Structures are given as structure tokens and as C-alpha cells.
Amino acid sequence: MKWRVSWAVLALVFFIPAWAQAATAPGRDCHLPGSEAGLRCHAVAVPLDPQRPGGAQLQLHVTVAPAFRQVASADPLFVLAGGPGQAGSSIVATHATVFQRVRATRDIVFIDQRGTGRSGKLRCAGTPLDAAANDADMRDGFARCVTTLPHPLALYSTANAAHDLERVRLALGYGKVNLFGGSYGTRLGQAYARRYPDSVRALILDGVAAPGMVIPASAAAAQRALDGVFERCAADQACVRAFPALRSEFAALLARVDAGAVTLDFPHPRTAQPTRLPLSNMRFAYTIQRSLYSPRDSQRLPYLIHSAAQGNWGPFLARGFAATDLSPEGELAMPLLLAVLCAEDLPRLSPALREADERGSFLRGHAGRIAALCPLTGVAATAAPSARPIHAPALLLSGALDPVTPPIGAASAARTMPNAQQVVVARAGHGVSMLACAPRLLREFLDQPDQALNARCLDDVALPAFQLGHAGTQP
């Protein structure tokens with residue numbers, strides 16, 4: 001990559017601690033899965049406990065896709081992945097798609113947050129926690145997992161991750177940076193911008209988590225998204241003809257699952273071994289929720305629901321295992337996810353809020369499952385997130401069909417961002433930046449973040465056709 005050090009940063013070199021100076025060693029050429037292009041990989045040392053800067057260190061993995069232009073803009077784009085628990089290195093291929101236009105003039109910097117990916121990923125051996133057969137198995141698995149983790153989970157917080165980002169900025173020699181955050185990355189981006197306002201030029205937040213959002217309290221949003229699928233199917237002649245009783249079929253399936261009346265026998269999709277699976281509410285509801293993230297998957301839901309109602313659970317199982325049967329590098333760092341939620345979210349989930357969120361939703365019990373694991377994490381409740389204004393220009397992107405961070409979250413966040421623009425895409429789910437003209441709009445915003453953005457081209461985003469049969473959109 002091309003080194004760019006402002007005079008201010010040069011002055012700071014003489015006053016920052018030895019660990020930060022050591023981190024400025026140049027990176028190495030590297031290739032990562034999913035990227036054909038050559039990249040630069042850096043190992044940046046950060047204190048394990050920022051309150052003890054001279055103590056034990058963590059090595060953060062940072063991947064830089066250098067700008068195409070030889071003389072590029074001095075302000076890179078830092079990409080903050082979601083989860084919490086997703087690594088920047090797992091989405092590095094987006095430099096050639098979502099961020100290709102931005103990369104023409106700016107470095108794209110993918111950061112593996114502490115505890116994810118190549119930055120000391122926290123992992124549990126054996127079956128992934130979110131693939132456990134039931135709540136008891138998930139609790140037992142996590143209890144065993146905690147005993148194998150290298151450091152206390154209290155060290156893996158959003159605040160410490162924001163501190164790490166500043167160390168990365170200094171180590172790579174950048175002045176002001178732009179931030180891109182997706183999903184949980186929007187929370188981390190806001191935390192960094194509030195803690196280090198002089199380090200941030202502009203923010204792009206996609207799938208915005210507002211400062212006061214309790215991430216596990218997403219049952220109502222998920223139900224609204226599912227109701228939207230039912231309504232779209234009822235208004236589509238081919239879909240309603242194929243699935244005329246969709247709502248009642250889903251209600252009957254949910255009642256059977258809740259009663260423990262569904263046990264499935266099938267060859268496991270990965271091992272081909274005969275598998276007997278009592279279908280828990282957890283697995284059933286998570287499969288539905290995950291399908292709602294993307295319109296491509298949500299438009300398949302009527303077929304999955306109807307097939308299961310007819311006794312053919314094969315398509316539903318295939319979708320459910322597709323969400324969890326991943327390579328180790330692609331999985332979320334589940335211990336990190338629990339560390340963040342148990343310290344930062346669940347202490348603010350009152351019984352009244354939880355009851356109101358889950359009333360009438362298929363996603364009942366989701367927050368309770370996580371809360372049951374919290375005593376095992378050893379983390380303490382943190383203070384409510386700051387709502388101090390963020391004055392840097394911000395672009396807030398939302399999908400109207402999003403089942404977890406709907407546009408209301410971006411509207412709430414915008415109240416603390418006086419220079420924010422909010423764009424809502426009517427036919428998008430959780431994630432807008434990869435759709436249609438969005439990659440071009442990211443570049444236009446970063447080139448002139450103080451100018452109003454014309455995003456009308458996103459009105460052209462279309463929904464895929466409903467899947468009507470095993471062969472696809474046609475029976």
C-alpha cells in the first residue's frame with residue numbers, strides 16, 4: 001500500500017507508547033480466499049486491555065486493498081463487519097464488488113475485530129452453538145466452551161474494538177478515515193466516531209443499529225417482515241394460486257413445532273449420515289428469520305412453508321442447514337457475539353420491552369435463550385451507549401423489508417447525526433450496498449459527503465419472483 005502520514009501523525013510518533021510505534025512495521029503481500037487480487041496484510045499490535053497499555057498484546061489482522069490510482073485520496077475507507085462476530089477478512093471479496101468504485105481512489109481497509117477471524121478468533125469446538133438441537137444443548141455447549149477461551153470475555157467489547165480501530169489508523173499512517181459499517185458494524189462505527197471525532201471524515205452505515213437498539217429484541221421486526229411476505233404472496237396471482245392457505249399453514253406448523261410434535265429423519269446434508277432431529281422452536285424460527293434477511297430467500301419462503309405443511313421438510317431443512325453448515329473461517333465468533341450482547345444489550349431488555357417485542361411474533365424466546373447464557377460469560381453490564389452528536393457527514397442506508405434493523409432504527413440514529421442523509425430502499429432487506437447502483441452511490445457520497453445524494457436509481461431495485469415449485473419460479 002502507499003504510506004501517507006500527516007504532519008500531525010508524524011508529531012505524535014514521538015509521544016505514543018512503544019507498542020504503537022512497533023505496530024507501524026510494513027505489511028506483506030497476501031492473497032485471501034474470495035479475492036483474486038493481491039492485497040496487503042498487516043499485523044497490528046493492540047493492548048489486550050486498553051486500561052493497561054503496557055500489558056499483554058493482541059495481534060489484529062488488517063487487510064488493505066490499495067487504491068487503483070497511483071495518486072489516491074489520503075482518506076481510506078475502513079470496513080467494519082457485522083455480527084457481532086464477523087471478521088473483515090471474511091468479506092474481503094467485496095472490494096471487487098461493493099467497493100470497486102470506491103477503491104478507484106481510496107484504500108479499502110478490512111479489519112478483523114478482536115476475537116474474530118485472524119485476530120484471535122474466539123471459537124467453540126464441536127457443533128456450532130446456533131446449530132444446537134435445543135436450548136439445553138446450547139447452554140451445555142457454551143459452558144464447556146467458556147473454559148477453553150484464552151482471555152476473559154469482558155475484554156471483547158465494542159468500546160475496546162473502537163480503541164483498536166484508532167490504533168490501526170495510527171499504525172497504518174492514515175489521517176482522517178471514512179467508515180463503512182454493516183449491521184453490528186454500524187454500532188461499532190458510531191462508537192468510534194463518538195470517541196474519536198477528529199479521526200472520522202464521513203460514515204456510511206448500512207442496516208443501522210440505533211444507539212438505543214437492543215439487538216436481540218428483533219421479534220416484532222421479524223414478524224413484520226414475514227407478514228410482508230404473506231401480503232406479497234396474496235397479491236401475486238401465481239403465488240396465491242400455488243399457496244392459497246399460506247398463513248394458516250404457517251400457523252399450524254408453528255403450533256406443531258411448539259408442541260414438540262415434529263421429528264425429522266433424514267440424511268445429514270454434510271455427512272450423509274442418517275440423522276434424527278426433533279425440530280425445536282429455536283431451529284424452526286431461526287430458519288425463518290434468516291430467510292427474511294434477503295428478498296431472494298424470503299421469496300422462497302412460501303414454497304418452503306407449503307412443502308413442510310404437505311409433509312416434505314426437505315427444502316426447509318436444506319435452507320436451515322445452509323445457514324449453519326459453514327467453513328470455520330465463515331462462522332461468526334459466537335463467544336464474541338455473546339460477550340457483546342450480554343454486556344451491552346440484554347441488561348437494557350426489560351421484561352416489559354421483551355413482552356411487547358415478542359407479542360404475536362413467531363420469534364418468541366430468542367432473547368431469553370441468549371439471556372440464559374449470559375451468567376456463563378462473566379461479563380458485567382456496561383453503561384448505555386452514548387448519544388452524543390456525530391457531526392461528520394453520514395449516509396444511512398436501510399431496506400424497508402429488513403427483519404432486524406428496519407428503517408426506524410436509522411431514523412432514530414439520524415436524530416444524533418445532524419449531517420446525516422437517510423435512504424430507504426423499498427424492495428431491499430438487510431443490506432443495501434451491494435444492490436443495483438448502490439456501489440456507485442457510495443463513491444459519489446465519499447467524494448462529496450456534504451452534498452445531497454440523488455439515490456432515485458435505487459427505486460429500480462426489484463424483487464425476485466416467488467419460488468413456486470422445486471424447479472424454481474414455475475411449477
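The values are calculated or read from the model by the stated rules, or taken from the named source; none is laboratory data. Since the structure is predicted, the reported quantities are computational estimates derived from the model, not experimental observations. Quick reminder, even Gly has a Cβ in these numbers, built from the backbone with ideal geometry, and neighbours come from all protein chains shown. Heavy atoms of the whole protein, side chains included, go into the accessibility calculation; ligands, DNA and RNA do not. Shrake-Rupley method; radii C 1.70, N 1.55, O 1.52, S 1.80 Å.
Consider S218 carefully, then state whether it is open to solvent by less than 30 Å² (accessible area, probe 1.4 Å) and out of contact with any His (no Cβ under 9 Å at 6 or more places or on another chain).
Details: open to solvent by less than 30 Å² (accessible area, probe 1.4 Å): yes; out of contact with any His (no Cβ under 9 Å at 6 or more places or on another chain): no.
Answer is no for this residue.
Take the residues of the stretch 131-153 that are in contact with a helix residue (DSSP H, G or I) (Cβ under 7 Å, 6 or more places away or on another chain), aliphatic (A, V, I, L, M) and assigned to a helix (DSSP H, G or I): which is nearest to R290 (Cα to Cα)?
Per the stated criteria, the residue is M138.
Return the residue satisfying two criteria in turn: it lies in the stretch 38-67 and is within 28 Å of G207 (Cα to Cα) and part of a loop (DSSP other than H, G, I, E, B), and of such residues it is most open to solvent (accessible area, probe 1.4 Å).
The selected residue is P66.
Being assigned to a helix (DSSP H, G or I), among the polar types (S, T, N, Q) and open to solvent by 10 Å² or more (accessible area, probe 1.4 Å) is the filter here; which residues of the stretch 159-198 pass it?
The first filter runs over the stretch 159-198 and keeps only residues assigned to a helix (DSSP H, G or I), leaving 159-171, 184-195, 197-198.
Restricting the remaining residues to those that are among the polar types (S, T, N, Q) gives 160, 186, 190.
Answer for the stretch 159-198, where residues must be assigned to a helix (DSSP H, G or I), among the polar types (S, T, N, Q) and open to solvent by 10 Å² or more (accessible area, probe 1.4 Å): just N160.
Please determine, by comparing only the residues of the stretch 258-300 that are part of a helix (DSSP H, G or I) and out of contact with any helix residue (DSSP H, G or I) (no Cβ under 8 Å at 6 or more places or on another chain), which one is surrounded by the fewest Cβ atoms within 10 Å (Cβ to Cβ). Spell out how you get there, then give the answer.
Initial filter on the stretch 258-300 (part of a helix (DSSP H, G or I)): 258, 281-292, 295-298.
With the extra rule that they be out of contact with any helix residue (DSSP H, G or I) (no Cβ under 8 Å at 6 or more places or on another chain), the set shrinks to 295-296.
On the way: P295: 23, R296: 12.
Per the criteria, the residue is R296.
Scan A414, A394 and give me the residue that is open to solvent by less than 50 Å² (accessible area, probe 1.4 Å), without any contact (Cβ under 8 Å) to a residue 40 or more places away in the chain and touching a strand residue (DSSP E or B) at 6+ places or on another chain (Cβ under 9 Å). Before the answer, list the steps.
Working: A394 fails: without any contact (Cβ under 8 Å) to a residue 40 or more places away in the chain.
Checking each option against the conditions leaves just A414.
Does V98 fit the bill of being touching a Ser or Thr at 6+ places or on another chain (Cβ under 9 Å), buried (at least 17 other Cβ atoms within 10 Å of the Cβ), at pLDDT 95 or above and part of a loop (DSSP other than H, G, I, E, B)? It would help to see each step written out before you state the result.
Numbers: touching a Ser or Thr at 6+ places or on another chain (Cβ under 9 Å): yes; buried (at least 17 other Cβ atoms within 10 Å of the Cβ): yes; at pLDDT 95 or above: yes; part of a loop (DSSP other than H, G, I, E, B): yes.
Yes; evaluated as a whole, the condition is true for this residue.
Could we say that P84 is over 30 Å from P216 (Cβ atoms) and assigned to a loop (DSSP other than H, G, I, E, B) here?
On the way: over 30 Å from P216 (Cβ atoms): no; assigned to a loop (DSSP other than H, G, I, E, B): yes.
Here the answer is no, as P84 does not meet what is asked.
Starting from residues that are touching a residue at least 24 places away in the same chain (Cβ under 8 Å), small (G, A, S) and open to solvent by 30 Å² or more (accessible area, probe 1.4 Å), keep the ones in the stretch 349-376 and report whichever is nearest to A285 (Cα to Cα).
Ranking the qualifying residues of the stretch 349-376, first place goes to G360.
Scan the stretch 152-186 for residues that are of a type in the set (K, R) and within 19 Å of S89 (Cα to Cα) and report the count.
Initial filter on the stretch 152-186 (of a type in the set (K, R)): 167, 169, 176.
Restricting the remaining residues to those that are within 19 Å of S89 (Cα to Cα) gives 167, 169.
Adding up the residues that qualify gives 2.
For the stretch 103-144, give me each residue that is farther than 21 Å from G365 by Cβ, touching a Leu at 6+ places or on another chain (Cβ under 7 Å) and surrounded by fewer than 23 Cβ atoms within 10 Å (Cβ to Cβ).
Scanning the stretch 103-144 gives a single hit, G120.
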